[in-house]
Amino acid sequence: MEKLSVWSGPMSSSKTTGALHAARRHQRLHRSVVLVRPIASVREHEQPGVLKTKNGESFPSIDLRSALEIPEKVASADVVWFDEVFLFEDESKLFDIIQELIKTKEIIVSALGADAFLRPF
């Protein structure tokens, strides 16, 4: 597969919305999409298990504490979408996981590129 799409930018720049629209395009092409995000990224206006964008669109999510849980949760997916990856407590393990997944799956990542002071995560 070896395809990686990254949606990165400042807050309120429609990163998640853009990634969600890409995920829906894959679904229209009959590809299975799984959204994985750290449980720490569940926002006040959301319920666990459902990502909701600021404009009200939603997508089912698998909310995990550890990046190490990812491979078993996405085994049957064609496309794996990661949201707010920097919030995984074991983020350092995520690179190796994505390197393995990209061999057989398309990967979408949406995340802030820096904090409020423009310091990279």
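The values are calculated or read from the model by the stated rules, or taken from the named source; none is laboratory data. Note that the structure is a prediction, hence the values are computed from the model and not measured. Cβ placement follows ideal geometry from the backbone for every residue including glycine, while neighbour counts extend to all protein chains displayed. The accessibility values were calculated without ligands, DNA or RNA, using every heavy atom of the protein model including side chains. Shrake-Rupley method; radii C 1.70, N 1.55, O 1.52, S 1.80 Å.
Anything in the stretch 45-68 that is over 14 Å from the mean Cα position of the chain (by Cα) and surrounded by 13 or more Cβ atoms within 10 Å (Cβ to Cβ)? List them, or say none.
Result: 46, 57, 68.
Return only the number of the condition from (1) touching a residue at least 24 places away in the same chain (Cβ under 8 Å); (2) part of a loop (DSSP other than H, G, I, E, B) that residue 19 does not satisfy.
Looking at each condition in turn, residue 19 falls short on (2).
Which residues, taken from the stretch 104-113, are at pLDDT below 95 and more than 11 Å from the chain's Cα centre (by Cα)?
If the condition is that a residue be at pLDDT below 95 and more than 11 Å from the chain's Cα centre (by Cα), then 112, 113 are the ones that fit.
If residue 72 meets every condition in (1) at pLDDT below 95; (2) loosely packed, with under 12 Cβ neighbours inside 10 Å apart from one, which number is that one?
(1)
Considering each of 34, 6 in turn, give the residue that is open to solvent by less than 50 Å² (accessible area, probe 1.4 Å), among the β-branched types (Val, Ile, Thr) and closer than 16 Å to residue 107 by Cα.
Residue meeting the stated conditions: 34.
With respect to the numbered conditions (1) without any contact (Cβ under 8 Å) to a residue 12 or more places away in the chain; (2) open to solvent by 70 Å² or more (accessible area, probe 1.4 Å); (3) part of a loop (DSSP other than H, G, I, E, B), which one is the sole condition not fulfilled by residue 12?
Only one criterion is unmet by residue 12, namely (1).
Consider only pairs whose beta carbons are under 8 Å apart and that are at least six residues apart or on different chains; among these, list those whose first residue lies in the stretch 92-106 and is within 16 Å of residue 5 (Cβ to Cβ) and whose second residue is in a loop (DSSP other than H, G, I, E, B) and of a type in the set (Val, Ile, Thr).
101/74; 105/74
Identify all residues within the stretch 75-91 that are in contact (Cβ under 8 Å) with a residue 40 or more places away in the chain, surrounded by fewer than 20 Cβ atoms within 10 Å (Cβ to Cβ) and among the acidic types (Asp, Glu); write none if there are none.
78, 89
So which pairs qualify, if the first residue must be in the stretch 43-55 and touching a residue at least 24 places away in the same chain (Cβ under 8 Å), the second must be loosely packed, with under 10 Cβ neighbours inside 10 Å, the Cβ gap must be under 8 Å, and the two must be at least 6 apart or on different chains?
Correct list of pairs: 54/12.
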